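Okay, so here's the structure we're looking at.
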Amino acid sequence: MGAPRPLRARRAAFLGLAGLAAALALVLALDRWVATTELPPLAPEASVEVLARDGRLLRAFTVADGRWRLAVTPDRVDPGYLAMLVAYEDRRFYDHRGVDPRALARALVQAAANGRVVSGGSTLTMQVARLLEDGSTGSWAGKLRQVRVALALERALSKAEILALYLQHAPMGGNLEGVRAGARAWFGKEPGRLTEAEAALLIALPQAPALRSPDVHPEAAREARDRVLARVEALGVITADAARAASREALPAARRAFPALAPHLADRLRAGEPDRQVHRTTLDLDLQAALEELAASALAELPARVTLALLVADPSSGRILASVGSADYTSDARRGFVDMTQALRSPGSTLKPLIYGLAFSDALAHPETFLNDRPANYAGYAPQNYDGTFRGPITAREALEASLNLPVVELTHALGPARVTAALRQAGVEAVVPGDAPGLAISLGGVGVSLEGLVQLYAAIARGGDAVALRVVEGGAAGGAEGPPAAGVDAFAPPSAAEPRNRLMTPQAAWQVGDVLATARRPAGLPDWPIAFKTGTSYGQRDAWTLAFDGAHVVGVWVGRADGAPVPGISGLEAAAPLAFEAFARLGDRPVALPPAPPGTLIASNAELPAPLRQFGTRLAQPDDAPRLTFPPDGAALAPLAGGILARVERGRAPFTWFADGVPVAVASFEREERLALEGPGFVTLAVVDAEGRAARVAFEMR
């Protein structure tokens, strides 16, 4: 006889409450078990990347343990691959919370039947848990740990973030991790666009990467890939025709190398900002690759231990478009690891255009002014021409074209060596002078300058005399900096629109320099392109240079030994100039024409020049009756009055010729006071030259 009905009801209610309490306790315990899970690091180290200006990969670095692990998010991966991956690995990925009960139940039944963990049950989230901890999948403890971490991951992250972790960590064979590393190594491409065959292989590899690497185990790789294709076809992810076509696609026979372009620059960027994950540069990837190939092929024509460096920049913006630090980065014999775009070397004759430009700008000379190519002794310093001969009276154009030494030293004597070094500083060029005391030898290469510094200097000439800061890090004002950086500042800082305008020489003087360099006769073998170029060879034949520009680019080439040893027979004309023209050939179909002469440019024969400009005379030891400007004061800031700026000269012999920034503004004047209509605002260099060619000058600001 059973218990009374009320008693049975009370017992059932009690048992129900007890069961509910037990279930609740189990749920709370499970919740606490998941909540107290200590998760592995969710942002493990990824490869540092250096990108070209269009976002393509120039170079990547392995992580600390030597693995390739490139950062990736689902939006950067082919949607077809993602659909195939989820269908094949975890069809209910977007529905479960880390564990798929049906798949787990199937795995438990299989394990009970076989006495061990056989397969199945692992969701993508559980696989991520295993990959993050490098855990075991063949033991109950390992599987339980994956379940716990997977449940915790689903609480902490979104599905997209979990999928991103899988895409970044899935093993792809050898030291490859993640779909980007796999796609690059096996197919030489980013994973944004994959064929069905490529996607299937990248899905199959993580299950057994060591046994399915297509370069070592092609048959196993093919079978695994085709199983993926058959499965996703059966699930309706791809069509039967697509699956058949994919199964006929060839497997990759070998791994492809990761991009390693601009290695010196990449090293500098990484060392300068070791915590930055992605470095975006101004480099043109195709041009960079072409110039590295050019440099490597040029080694066949160069002596042992000789290397070269190349740099290309856009003078309008200051962006560096290509930077080749050496011809062979891995060569110990050639010291290829040394970045010769940064090394300080003697520039040879490559500073001569700057000196002529300053002389033209200061109205000391004109391209058709006669200079004297004759022996001279400057307090014990007696320079010689390269060939040891003297040509007598010669125009400045001819002297610069022939790269004569004596005329440029005479101009430097008149300008003052300090003026030349000040101009280099204005251009933002680091120039190291022995003993910190510049002398006349600076005009012939007696100073240390880098290839990058020379390209920056020539960029200023190419853009009309205005200094520009070269830069290699993308960002900042779209048009580039208006002023140069301080001397010694590298090209990594983005430009600042607030930097002041800094003019090395007048636009007219800059154009005149470019015109001389572009119209000079060139050796046979060099194309007759509209390119202004200057070669240089340092003392002792240690450095061979060519600096060149057209209407849109500046190219710099250095050839020599990185250890500074002499290279007998080397010269800028023979070793560097052909490479500069080859570089221009890789920039486009034909170089861009140089700009026309700016307004106010004095284009005249020697006979048509103002008398003071026909023959250059020394301005060093001015006699007591030499002209002297008494107004405006040097360094003054003036507001123009009606009719212009008042200028006054004392002493000197009339008639006088007045120049503003190298442009004649009053010719053959017998007056000692002139009212000059000058354009402003800005800085002006005002010069007056008397009938005997003696000059005085001041610099002031018009507000």
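Label reach from Leu641 (point 7 Å along Cα→C-beta): in segment 667-703, amide nitrogens under 15 Å belong to 673-678.
I need to check one value: relative contact order of the chain, counting alpha carbon pairs closer than 8 Å and at least 6 residues apart, in percent.
Relative contact order here is 10 percent.
Put in line by how crowded their Cβ is, counting other Cβ atoms within 10 Å and starting with the fewest, Phe581, Phe683 read Phe683, Phe581.
For Lys143, the aspartates and glutamates whose Cα comes closer than 19 Å to its Cα, not counting residues fewer than 8 places off in the same chain, are Asp31, Glu38, Glu89, Asp90, Asp100, Glu133, Asp134, Glu154.
As a rough guide to protection, the peptides 77-85, 38-46, 554-562 ranked by mean Cβ packing within 10 Å, highest first, stand as 554-562, 77-85, 38-46.
The lysines whose alpha-carbon is closer than 21 Å to the alpha-carbon of Lys352, local same-chain residues fewer than 8 away aside, are Lys534. Packing around the peptides 216-225, 502-511, 144-153, taken as the average count of other Cβ atoms within 10 Å per residue, puts them in this order, highest first: 502-511, 144-153, 216-225. Per residue, the convex hull spanned by the Cα atoms of segment 622-702 amounts to 78 cubic angstrom. Cα extents for the chain along the principal axes, largest to smallest and rounded to whole angstrom: 145, 60, 48.
Quotient of the Cα radius of gyration of segment 518-672 and 2.2 N^0.38 Å, N being its number of residues: 1.52. Neighbour counts of C-beta atoms inside 10 Å place Ser316, Ser349 in the sequence Ser316, Ser349, starting with the fewest. Can you give the helix-only mean residue ellipticity at 222 nm for the chain, where every DSSP H stretch with n ≥ 4 adds -39500 (n - 2.57) and the sum goes over all residues, rounded to the nearest 500 deg cm²/dmol? The helix-only estimate for the chain comes to -10500 deg cm²/dmol at 222 nm.
In segment 67-247, the convex hull through the Cα atoms has an average projected area of 10.1 nm², a quarter of its surface area.
Values quoted throughout were computed directly from the atomic coordinates according to the rules given, and no laboratory measurement underlies them. Remember, it's a predicted structure, so these values are computed and weren't measured experimentally. Neighbour counts are summed over all protein chains in view; Cβ atoms, including those assigned to glycine, are modelled from backbone coordinates with ideal geometry.
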